[in-house]
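The numbers here are math on the coordinates, done by the rules we state, and not lab data. Predicted, not measured: the structure shown is a model, and the values here were computed from it. Cβ: placed from backbone, ideal geometry, glycine included. Neighbour counts: every protein chain shown.
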Amino acid sequence: METFPAGEPARLAALHELKILDTPPEQIYDDVVALAAQICDMPIAMINFVDAERQWGKALVGIESSEAPRDASFCARAITEEGGFLLVPDTHLDPLWAANPQVTGEPRLRSYAGAAIITDEGHALGSVCVADDRMPRELDASKIEALKVLARQTASHLKLRRQAAELARVNEQLRELTVRDTLTGLANRSYFEDALRLALLQRNGSPAGLLFCDMNGFKEVNDRLGHRTGDELLQLTARRMAGFVRDGDLVARLGGDEFVVLCTGIEQAGDLEAFAGRLTEAIAEPALICGNELVPQVSIGAVLAHPGETPAAFLSRADAAMYRVKAQGRPTLGA
């Protein structure tokens, strides 16, 4: 019975963006339908949203559920009406509605009035509506205008909902920017330093291990093959490190070609040294990068935390251990 509004894909996109379908009741919408029922002196009031194939009720008075197929929905017709308003004083006498399943079956609507909920962009998402299941009903001009006002207020609530969701999304992106390295997606230096500080405070006698990793020959790659190749080499190394470490370990990029791994649950120096050796081998698989076959190589300094050691001192020892490894050409445990 209903006709699809113009711009239906955009309308549905706007509706789904709100993430309001199939959500629990909310007081702000319950108050709207309670007011609509009181103003219009109707036993049934609803806020219905019109999805691709169904009508779904967000707020209801006088009815347990308003869900119905879209082709049987009064509200689906209301959102296509000129002026965004549909009034059916007596469904039994209206040939468009007399055989409708919501008239012949539950909820047995005898009269209906609905005002479309229209966004600033012109998308009619649903309606604020009232109905009577007992008798025909007319609405005077003041009640019709009140229903339209409630629909506009609902649209305003939805706008605030969308803005709040957008703000939350932006805040999450900003949070990610503060803790993630933009090139590799690993934790950045700031996040790592906080995690290191917390690990040293909470280790309760269990050693914390730190691997300080520096790429070998990275400057030569940048100078000879260009920064794009260098960036992709860093990204590949980051992926290999993240894919190798254990659950609970933290991989971070300090900057440039320096990476660190904060290890938990490794209590023996030999275990940490062996872990560093396996990580070195995992990184050093040949790869084709920007048309160049390269073998990523890292030098790793491995150290266990000393009792009462500060984060700065711990990191400095790991850095020094890494430089000794560069000279020796293999991962060893630092002093």
### Message
Pairs of alpha-carbon atoms within less than 8 angstrom and 6+ residues apart define the contacts here; what relative contact order does the chain have, in percent?
### Response
13
### region 54-130: proportion of alpha-carbon pairs further apart than 15 angstrom, %
54
### Summary
Exposure proxy check on Lys219, Lys58: fewest-to-most Cβ neighbours within 10 Å is Lys219, Lys58
### log₁₀ of I(q)/I(0) at q = 0.08, 0.10, 0.12 Å⁻¹ - the chain, Debye sum with one point per alpha carbon
-0.61, -0.67, -0.76
### Query
Using Cα atoms only, what is the angle between the long axis of helix 8-17 and the major principal axis of the chain, expressed in degrees (0 to 90) to the nearest 10?
60
## Note on the structure
Counted neighbours (other Cβ, 10 Å), sorted fewest up, put Ser65, Ser73, Ser316 in the order Ser65, Ser316, Ser73
#### Entry: Restricting region 247-299 to GluC sites (Glu not before Pro) in coil, as DSSP defines it, with at most 14 other Cβ within 10 Å
Glu267
### Query
Could you give the Stokes-Einstein D for region 189-333 in µm² per second, using the C-alpha Kirkwood radius, 20 °C, 1.002 mPa s?
139
#### Entry: GluC sites (Glu not before Pro) restricted to region 1-84 and DSSP loop, no more than 11 other C-beta within 10 Å
Glu53, Glu64
### Residues Phe314, Phe74, Phe85, sorted so that the one with the fewest Cβ neighbours within 10 Å comes first
Phe85, Phe314, Phe74
### Query
Once the Cα atoms of helix 27-40 and of the chain are each reduced to a long axis, what angle between those two axes, in degrees from 0 to 90 to the nearest 10, is obtained?
10
### Summary
proj_area_mean for region 1-159 (convex hull on C-alpha atoms), units nm², value 8.1
### Query
Given the C-alpha centroids of region 139-190 and region 5-77, what is the distance between them in whole angstrom?
20
#### Entry: Rounded tilt (10° steps) of 311-328 against the dominant C-alpha axis of the chain
50
### Message
Tell me the mean residue ellipticity at 222 nm calculated for the chain from its helices only (DSSP H runs of n ≥ 4, each -39500 (n - 2.57), averaged over every residue, nearest 500).
### Response
-14000 deg cm²/dmol
### Query
With a ≥ b ≥ c the root eigenvalues of the C-alpha gyration tensor of region 254-335, is it rounded (a/c under 1.5), prolate (a/b larger than b/c) or oblate?
prolate
### Task
Pick out, from Tyr323, Asn222, Leu234, the residue whose Cα sits farthest towards the positive end of the charge dipole of the chain, with +1 on the Cβ of Lys and Arg and -1 on the Cβ of Asp and Glu.
Tyr323
